[in-house]
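Report on the structure given below.
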Amino acid sequence: MPAEIQIRYHRQARSIKLKADSAGRITVTAHPLTPKFLINRFIAQSQAWIDKHQRRGLKTLSAISLAKIQLFGQTYQRQLANPSDDHTPGIHILDQILIYVPANPLRSPEQHQIDLDRKLKDWLKRTCQTYISRRLIQLSQQMQVEYRTVSLKNLSSRWGSCSNRHNLNFNWHLVHFPPDVIDYVLVHELAHIVHANHSRQFWQLVAKHDSNYKRHKTELSKLAV
Ligand SMILES: [Zn+2]
């Protein structure tokens, strides 16, 4: 989240003051002799006020609303925002909004739609990779099974797979689903390390670690991504 704050020194300044403009840019005004630590302390104490104004500013920015996106089961509004001192290039999540700030000022909406689609895909893949690798460590410990490697692929018709060498693959589109549904897919593939089939014992193991697996399985087949 962008958090740069501009500091301006004025000889006439009698105290440290905070100001926010309509784009959410924050300026601190102080006398040139004010020690830096006092300014920093003032900024730290005003963090709630700063956050509120930065959020409000980002919302009012001339952002082009593109579409909505599902992330871990939550709906986010996709938006584009112009880069500025306070809005660093990249993808930011703010409340229910996913904001993309391109490295260069907006040229045409069409151009940035293409740019965003590409960047967003990479970002979603990275987000999914980080999430799944961390969650797999927890679930494999809980299930007491060991896997070799984990990778994310664009598996066209599958959510996950487990090779006979115990290498796990997952579809990065899982990032759109709620955490409990993602858990089901991870538990399912980890269970294949023990049972390389869909036997009764396999489903018993799945059920032991995901008691709602039937519901999760249905949800997975219903949601189109
Ligand atoms: Zn299976």
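Overview of results
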{"quantity": "³J(HN,Hα) computed for each position of region 32-39 - Karplus, 6.51 cos²θ - 1.76 cosθ + 1.60, integer Hz, glycine/proline x", "calculated": "x, 8, 5, x, 4, 5, 5, 5"}
{"quantity": "Over the chain: helical MRE at 222 nm, DSSP H runs n ≥ 4 each giving -39500 (n - 2.57), nearest 500", "calculated": "-14000 deg cm²/dmol"}
{"quantity": "Mean separation of Cα contacts under 8 Å (6+ apart) over length of the chain, as relative contact order %", "calculated": "13 percent"}
{"quantity": "For L152, residues with placed amide H under 5 Å, excluding near neighbours", "calculated": "F170"}
{"quantity": "3J(HN,Hα) from dihedral phi, region 41-52, Karplus parametrisation 6.51/-1.76/1.60, rounded to Hz, x for glycine, proline", "calculated": "5, 4, 5, 4, 5, 9, 3, 4, 5, 4, 4, 4"}
{"quantity": "Residue-count net charge about N167 - beta-carbon cut-off 13 Å; Lys, Arg +1, Asp, Glu -1", "calculated": "+1"}
{"quantity": "GNM flexibility winner over the chain from A44, A191, A207 (Cα, springs under 10 Å)", "calculated": "A44"}
{"quantity": "Selected from F177, F37, F202 as most flexible by GNM, with the chain as the system and alpha-carbon contacts under 10 Å", "calculated": "F37"}
{"quantity": "Distance violations [Cα-Cα > 23 Å] among K119/K153; K119/K217; K119/K214; K68/K121; K68/K214; K119/K222", "calculated": "K119/K217; K119/K214; K68/K214; K119/K222"}
{"quantity": "Cross-link partners of K52 among aspartates and glutamates (Cα-Cα below 16 Å; sequence separation of 8 or more within a chain)", "calculated": "E4, D21, D86, D95"}
{"quantity": "GluC sites (Glu not before Pro) within region 142-225: DSSP coil, no more than 10 neighbouring Cβ in 10 Å", "calculated": "E146"}
{"quantity": "Calculated over the chain: convex hull of Cα atoms, volume per residue (Å³)", "calculated": "160 Å³"}
{"quantity": "Projected-area average for region 171-225 over all orientations - Cα convex hull basis, square nanometres", "calculated": "3.7 nm²"}
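We did not get these values from a lab; they are worked out from the coordinates using the rules stated. Just so it is clear, the structure is predicted and the values come from calculations on it, not from any experiment. Note that each Cβ is placed from the backbone with ideal geometry, even for glycine, and that neighbours are counted across all protein chains shown.
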